[in-house]
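For reference, the structure is listed below as structure tokens.
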Amino acid sequence: MLEQIVWQAPFFLLVAVRCFALIMTMPLFSMRTISRVAKIALTGYMAYLIFPHIDAKIYLPYIAENAAFSLDYILILVGEALIGVITGFFVSIIFSAFSTAGQFFAFQMGFSASEVYDALSQVENPLMGQFFNLIAMLIFLQGHWAQLLFGKGLAASFETMNAMNIVMAAGRQEIITFLLSSLTRLFACAFVIALPIMGILLLVSITTGILGKAAPQMNLLSEGFPVLILLSFFIIMSLMGSLCDYFISSFASGFSILESLFAFFRSSGGQ
């Protein structure tokens, strides 16, 4: 196996570049707390496992001995990195839906000023957004979605997508539609997750306002915030089972959309 890798080193580098781009853009694996040595080691391990199952005939004109590391080959490397970035970006969008849902109702809970740096999403995020992001990450790891992505999903991407067919007119249109629909899906999923909690908190806020008008001597403004926070946590605890089921279905539907993208390039002659 090592002799085959040395003999086809340019092609192995193409595989490793796509794997490395995926790792650098995926949640959890792209965290700065994970050393680059570990990321490079994981990249080499993934490329080592996938390399024997990939047909290199589509790249033969560009990785031949007299054409290795030429300008065409460098452009192919950039295209492979772009495919890895697109795949990792789509997975990040799925996680962003859960984080965005936490941001939606964090303002109504009174946690709008509690934004701190989130190591998972690598942005300033309210506490509830971080909590939902952490729950989604645990479900992602416990449900073996990471193994499915790094194993079957990455191998399927090599069988269907390459740096040449994504620059064709049909390929570009499909990629643009895929990314735009993913962003639309982000806000739709975030709204569905946050809607029950936001609806109940809105009713509580309206009720508190009515009571404050009816009995001005009751200082509901200062006493209502602790009650609102406790009620919010009670609602989240009561809905956690349903939310986890929705998280699982979101991962399943998201991976099916990614599979449909691979199927499009397979049907259009991506091999």
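Can you tell me which residue among S222, S205, S268 is modelled with pLDDT under 85, over 30 Å from L149 (Cβ atoms) and in contact with a helix residue (DSSP H, G or I) (Cβ under 9 Å, 6 or more places away or on another chain)?
Being modelled with pLDDT under 85, over 30 Å from L149 (Cβ atoms) and in contact with a helix residue (DSSP H, G or I) (Cβ under 9 Å, 6 or more places away or on another chain) holds for just one of S222, S205, S268, which is S205.
Can you tell which of F90, F107 is modelled with pLDDT of 80 or more and among the aromatic types (F, W, Y)?
F90
Do any residues in segment 180-209 that are under 13 Å from Y246 (Cβ atoms) and in contact (Cβ under 8 Å) with a residue 12 or more places away in the chain have Cβ atoms under 7 Å from those of residues that are of a type in the set (G, A, S) and assigned to a helix (DSSP H, G or I), where the two are at least six apart or on different chains, and which pairs are they?
C189/A97; C189/S250; A190/A97; A190/A101; I193/A101; A194/A101; I197/S232
Considering I248, I236, which residue is out of contact with any Gly (no Cβ under 9 Å at 6 or more places or on another chain), of a type in the set (V, I, T) and surrounded by 15 or more Cβ atoms within 10 Å (Cβ to Cβ)?
Testing whether each residue is out of contact with any Gly (no Cβ under 9 Å at 6 or more places or on another chain), of a type in the set (V, I, T) and surrounded by 15 or more Cβ atoms within 10 Å (Cβ to Cβ) leaves just I236.
So for segment 160-172 (the condition being within 18 Å of the chain's Cα centre (by Cα) and under 20 Å from L22 (Cα atoms)), does at least one residue qualify?
Among the residues of segment 160-172, not one is within 18 Å of the chain's Cα centre (by Cα) and under 20 Å from L22 (Cα atoms), which makes the answer no.
The values are calculated or read from the model by the stated rules, or taken from the named source; none is laboratory data. Nothing here was measured: the structure is a model prediction, and the numbers come from that model. Cβ: placed from backbone, ideal geometry, glycine included. Neighbour counts: every protein chain shown.
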